[in-house]
Every structure is written in structure tokens, then in C-alpha cells.
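Quick notes on the structure that follows.
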2 protein chains.
Amino acid sequence: MAEFAFIEWLRARTPTHQRVLIGPGDDTAVVAWPTPAPMLITTDMLLEGSCFLLAEAGPRRVGRKAMSVNLSDMAAMAGVPVAAVVSVGLPRSAGRELAEELYLGLREVGDAFQTPIVGGDTNSWDGPLSISVTLIGEATPQGAVPRSGAKVGDWVMVTGALGGSILGHHLDFVPRVREALQLHAFAPIHAMIDISDGLAADLNHILVASGCGAVLTASRIPIADAARQLSQQSGKSPLQHALRDGDDIELIVVVAPESFARLLAEQPVSGIVMYHIGECVASGLWLEDDQGRQPLPPAGYVHWLG
Amino acid sequence: MAEFAFIEWLRARTPTHQRVLIGPGDDTAVVAWPTPAPMLITTDMLLEGSCFLLAEAGPRRVGRKAMSVNLSDMAAMAGVPVAAVVSVGLPRSAGRELAEELYLGLREVGDAFQTPIVGGDTNSWDGPLSISVTLIGEATPQGAVPRSGAKVGDWVMVTGALGGSILGHHLDFVPRVREALQLHAFAPIHAMIDISDGLAADLNHILVASGCGAVLTASRIPIADAARQLSQQSGKSPLQHALRDGDDIELIVVVAPESFARLLAEQPVSGIVMYHIGECVASGLWLEDDQGRQPLPPAGYVHWLG
């Protein structure tokens with residue numbers, strides 16, 4: 001971290017956190033690990049022109065997104081975020097303001113989730129803006145939730161409406177960290193993933209890892225207003241946007257039916273609506289509507305900005 | 001980590017490590033943390049055209065350097081590396097071979113230091129190659145070594161000859177992980193840093209953090225052959241290269257004089273020569289030669305490729 005040009009600036013602005021023993025500013029940061037809980041680690045890189053348009057988003061929202069996508073990956077395992085490190089390649093032509101706005105965005109989201117930035121590496125270069133965040137967290141006593149635990153008969157849920165995130169949601173979403181922890185404390189989650197490639201593609205990741213299939217009910221899939229709006233320009237249906245669009249950053253949650261009944265009855269998660277959109281079956285990925293059941297191709301992520 | 005295109009490829013090639021419970025391939029990797037030892041975390045980003053010239057270095061050496069600079073930051077705290085995550089922005093025009101060679105380089109060095117790659121995020125974009133590695137490690141029972149522990153009267157040592165690293169050493173160095181652990185187990189290290197900005201600049205980081213000064217003895221500073229070679233083109237003296245050049249990636253080690261005497265007598269670290277180059281004093285940074293003692297400006301890192 002020796003080239004961290006903003007280390008003094010950052011140190012003055014990073015809240016103290018009782019577990020951060022050294023950081024930011026030494027060669028490595030030191031974080032207390034007093035419990036035997038496993039450590040969770042995730043990393044995500046955002047690249048200008050591919051993951052965001054800097055002129056459209058502005059640096060503060062890019063900073064917010066860079067922290068939020070990592071928090072969402074932590075949420076997808078039902079992990080408790082502990083600390084983050086950030087490495088940045090700044091366009092040489094950009095001023096100090098770009099870096100400061102970027103860090104303010106990172107910090108706003110980090111603060112909201114008690115996640116101090118404990119170290120980093122800031123560089124200038126002739127390329128576009130490149131930012132990589134790595135987040136560490138801790139598993140709860142209920143354990144980390146993998147993608148691989150879905151079972152035939154389980155119910156498939158999502159934590160919010162889907163589609164059209166390119167119209168703004170992909171920059172301004174709130175990662176479902178608290179909701180995932182509340183859910184997992186209430187009833188064991190069998191499998192979970194956050195939607196970055198699209199509902200069909202990410203559900204398929206769960207199915208491949210778990211060795212089962214799923215049927216989605218078309219009429220139950222919650223469609224975001226943005227998906228309807230985008231549909232008017234794109235020629236695709238709002239449902240297609242909900243099934244295919246990337247960067248919704250909601251969670252796909254797979255639980256046993258009896259857990260779901262309790263969830264519905266007791267509503268342990270405040271502030272969000274959980275949608276029941278399908279069930280796990282022996283194999284395949286299917287979409288069911290009034291016409292019957294059709295195969296749903298698990299289309300991959302489309303680089304919609306690139 | 002949802003966009004990790006090489007996840008299958010990487011998973012097939014990543015050695016099992018008994019502490020890696022999940023990874024690579026889920027949203028976050030899970031690493032067992034069975035001891036109460038603090039967790040160390042460090043991150044370093046390498047950028048094409050600034051930290052390396054891709055055509056000169058080749059992708060495998062870039063991968064090696066990306067892992068090695070992080071291991072060196074871990075060494076500087078006397079930490080034991082545990083696992084790494086890697087995020088990469090690949091030039092869209094480059095083929096799959098670039099990514100594979102990059103990962104082979106990362107893996108070669110990771111394997112040599114029992115550090116599995118447990119996760120990552122691979123993206124393509126229109127920018128140049130950007131690679132960020134984050135390394136986690138564990139403190140030993142002797143504790144992590146900060147920059148801030150140097151005391152007046154301590155001796156200043158370096159772990160190898162300095163200067164001229166641009167001629168090749170900056171790509172091919174071996175991080176001093178084992179040596180730092182051997183040293184710290186043998187005698188308490190008061191302060192340590194790896195040389196990335198240059199001897200004078202990085203020693204100054206220790207002095208600022210510790211609130212003391214140091215005198216270096218010019219005749220004791222070990223000068224690399226590359227510094228002499230570079231001197232013939234640059235018009236600077238070999239000593240100036242040893243004092244100023246970045247990316248030597250040797251360690252500056254500060255210990256009590258009595259520890260140093262034992263080190264000299266017992267030579268607990270195999271394979272390297274430790275050089276005694278100066279002492280800590282109350283304040284200032286000084287260079288002593290036959291002409292007497294002059295102030296040594298703590299010149300900062302120069303982006304020598306940019």
C-alpha cells in the first residue's frame with residue numbers, strides 16, 4: 001500500500017472500529033479476529049465504460065456502487081461485513097476531486113454498513129477509471145450460505161422487483177445485507193445468490209451448484225417500473241427484462257416450504273417484500289405461464305454498457 | 001464474483017488448502033479462522049504502462065509481480081499469508097491466452113508461498129490491463145510488525161542490494177516472506193517496511209510513524225549491479241540509485257542493537273545477507289560519508305515508467 005496518496009486524508013475520515021488494530025496506512029492492515037467464525041472474502045472490480053459511464057454516474061455514485069456490489073456478495077452468503085480495502089487506478093488527467101468524491105461514495109456506503117476502509121492502493125495512469133474493492137466479513141453461527149444447498153421441493157424467492165436496472169437502479173441499489181442476516185437467523189437459507197447476471201442466469205448458477213432444477217411462475221415474478229419503461233424502447237417485454245437484465249442486485253433466496261410459510265406468517269424482515277416466484281424440481285430451468293411450461297434458457301450476462 | 005469468466009479454469013488448477021472451506025466460485029470465499037490470531041489484509045494494484053510495460057514483461061511476469069508485491073507487504077508486517085483474491089480488467093482486444101498466462105504467473109508465486117487464490121473477478125474492457133490482488137494473512141504469536149516501533153539507538157538493516165530495479169528486478173524479485181518470519185521469530189523486530197518508493201522515502205515512512213530519525217552510512221549501503229549499470233546511462237551515481245529507485249522490494253528492518261549482535265553471530269536467516277546500514281537517532285534523516293553528515297531528503301516515489 002506504499003503508493004496510497006490519500007492515506008492521510010482517508011485516515012482522518014475513517015471511523016474507528018474496535019476490531020481494526022492497525023490501518024489504514026501501514027503495509028498491511030490488522031483486524032482482530034476474536035471468534036472462531038470463518039472469514040468471508042469477496043472482491044469486485046468496476047471499470048469505466050463497461051460497468052458505469054463516469055459522466056452519467058459521477059464519481060460519488062461510482063464509489064457507492066463499488067462498495068455496494070461487494071456488500072451484496074457478502075449478503076448473498078449471509079455474512080457480516082467487517083472491513084474493506086480499495087485499490088484504484090485514477091485517470092492521470094483527473095483532478096484530486098475525482099478521488100475524493102469516489103472515496104466519499106465508498107465511505108457513505110461503508111459507514112451505513114459499519115464497514116471501515118482499512119487500507120488501499122491509489123495509483124494514477126493513462127487508462128480510464130478502474131476501482132477494485134475487497135470486502136472481508138464473518139460468518140454467523142448459522143454458517144455461510146453457499147449456492148449449492150437448494151433441494152427439490154424448496155421454494156424460490158426474490159427480495160425485490162426486477163428488470164431495467166440500467167435506468168438507474170444499478171447505481172443506487174441498497175445491498176441486502178441486513179435482510180439476508182435477518183432471514184438466515186429466522187430460518188435456515190438453503191442457497192442464495194445476488195442477481196448480477198440476470199434472474200435466469202443467476203438462478204441457474206444455484207441450480208448447477210445444487211444439482212437440481214427449478215420452475216418459475218411468470219405471473220409471480222415482480223417486475224420493476226424501470227423494466228416497463230425500458231420495454232417501451234427496447235421492444236422486449238417487461239418480463240424479459242425482469243428475467244434477463246443484469247445488475248438488479250436483489251437476492252435469490254431458496255428455502256424449505258415450511259420456512260417460507262413461517263416467513264409469510266411472521267414477516268421477520270422489515271422494509272422489503274419477499275416474492276415467491278417458483279419451486280425447485282429435479283432438473284431443468286422452466287418458465288410456467290397460461291400456455292404451460294417452457295424451457296427457460298439460462299442466458300448469460302450481457303455487457304449492456306460495453 | 002459473478003463475472004468471473006475463468007472460474008472453472010481456476011478451480012481446476014487451484015490447490016486444495018485445508019483452510020479454504022468454500023472457494024473459488026461462490027459469491028464470497030470462506031476461509032477457516034481457527035486461531036484468535038489477528039487477520040492481516042493488504043491490496044496492491046498494477047496498471048499497464050505505469051507499473052509495467054506489457055510487451056516487455058509479458059503477462060506471466062506481470063502475474064508473478066502482482067502476487068509478489070502483495071506478499072512483500074505481508075512480509076513487511078511479518079505475516080503468514082493465507083489466501084488471495086484477484087480482480088482483473090483485461091483489454092477486450094486481448095485473447096484468452098493473456099488471462100491464462102497472467103493466472104499462471106499469479107499461481108506460480110502463490111503456490112511457492114502456500115497461498116491459494118480463493119476468488120476473483122475477471123472483466124473485459126476497452127482500457128489497458130489492470131490487475132488488483134488482495135492478500136489476507138495471519139499474525140504470528142510474536143505479533144504483526146508495524147512501521148511505528150523504531151526507537152532511538154536501534155539499528156537499521158536491509159535484506160539485499162538496492163537500486164536499478166527497473167532493469168528487471170522489479171519483475172523478478174522474491175518477496176521476503178520467509179526471511180521476515182525467521183527474523184521475527186529469532187528476535188523482536190521493532191519496525192519494518194518494504195522498499196517500493198525507494199530506500200530514503202520508505203525509511204522516512206518508518207521515521208514519521210515512529211517519531212524518530214536515522215543516520216545512514218553511505219559506505220554501508222549495498223549497491224546492486226543493476227544500479228551501477230543504470231548509472232552509466234543516467235548520469236546519477238550508483239548510490240543515488242540505491243537511495244532513490246523504487247521497487248527494490250527488499251525489507252528495511254529496524255531492531256535493537258543487542259538483537260543485531262545475535263543476528264550477526266547466529267545468522268538465523270538462510271539464503272540472504274543482512275546489511276547494517278545505519279542507526280536511529282532523535283530526529284531527521286541523514287547520510288554520513290567521508291565529508292561528514294548531510295541531510296538526506298526523503299524524496300518520494302517517482303513513476304519511472306509513466
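The table for this structure:
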| quantity | calculated |
| --- | --- |
| Verdict on A:A242 being touching a residue at least 40 places away in the same chain (Cβ under 8 Å), surrounded by fewer than 18 Cβ atoms within 10 Å (Cβ to Cβ) and within 28 Å of A:M74 (Cβ to Cβ) | no |
| Residues (of a type in the set (S, T, N, Q) and within 13 Å of chain B (Cβ to nearest Cβ)) located in the stretch A:143-165 | A:S148 |
| Some residue of the stretch A:65-74 being more than 14 Å from chain B (Cβ to nearest Cβ), over 27 Å from B:L21 (Cβ atoms), in a helix (DSSP H, G or I) and of a type in the set (K, R) | no |
| Test: residue in the stretch B:96-117 that is more than 13 Å from the chain's Cα centre (by Cα), among the small types (G, A, S) and under 23 Å from A:V20 (Cα atoms) | no |
| Which listed residue is among the hydrophobic types (A, V, I, L, M, F, W, C), assigned by TED's automatic domain parsing to the domain that holds B:E179, surrounded by 13 or more Cβ atoms within 10 Å (Cβ to Cβ) and assigned to a loop (DSSP other than H, G, I, E, B), from B:V269, B:V273 | B:V269 |
| Filter result (out of contact with any strand residue (DSSP E or B) (no Cβ under 6 Å at 6 or more places or on another chain) and either basic (K, R) or within 23 Å of A:S270 (Cα to Cα) (or both)) within the stretch A:190-222 | A:I195 |
| Test: residue in the stretch A:278-291 that is away from every other protein chain (no Cβ under 14 Å), more than 30 Å from B:G127 (Cα to Cα), of a type in the set (A, V, I, L, M) and crowded, with 18+ Cβ neighbours inside 10 Å | yes |
| Single residue of the stretch A:109-140 satisfying the filter (in contact with a helix residue (DSSP H, G or I) (Cβ under 9 Å, 6 or more places away or on another chain) and assigned to a loop (DSSP other than H, G, I, E, B)) that is nearest to the other protein chains (Cβ to nearest Cβ) | A:P128 |
| Residues of the stretch B:149-180 that turn out to be assigned to a helix (DSSP H, G or I) and over 18 Å from B:M192 (Cα atoms), as a count | 7 |
| Count of residues meeting criterion [under 21 Å from B:D26 (Cβ atoms) and more than 14 Å from every other protein chain (Cβ to nearest Cβ)] in the stretch B:94-108 | 2 |
| Residues satisfying the stated conditions in the stretch A:170-183, i.e. surrounded by 23 or more Cβ atoms within 10 Å (Cβ to Cβ) and of a type outside the set (A, V, I, L, M, F, W, C) | A:H170, A:P175, A:R176, A:E179 |
| Which numbered condition B:P257 misses (of (1) surrounded by 18 or more Cβ atoms within 10 Å (Cβ to Cβ); (2) within 19 Å of B:M192 (Cβ to Cβ)) | (1) |
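Per-residue answers, yes or no, for (1) touching a helix residue (DSSP H, G or I) at 6+ places or on another chain (Cβ under 9 Å); (2) part of a loop (DSSP other than H, G, I, E, B):
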site: A:S231; (1), (2): yes, no
site: A:K236; (1), (2): yes, yes
site: A:Q240; (1), (2): yes, no
site: A:D248; (1), (2): yes, yes
site: A:V253; (1), (2): yes, no
site: A:E258; (1), (2): no, no
site: A:L264; (1), (2): no, no
site: A:S283; (1), (2): yes, yes
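The values are calculated or read from the model by the stated rules, or taken from the named source; none is laboratory data. Note that the structure is predicted; figures quoted are calculated from it, not measured. Using ideal geometry, Cβ is built from the backbone for each residue, glycine included, and neighbour counts are taken over all protein chains shown.
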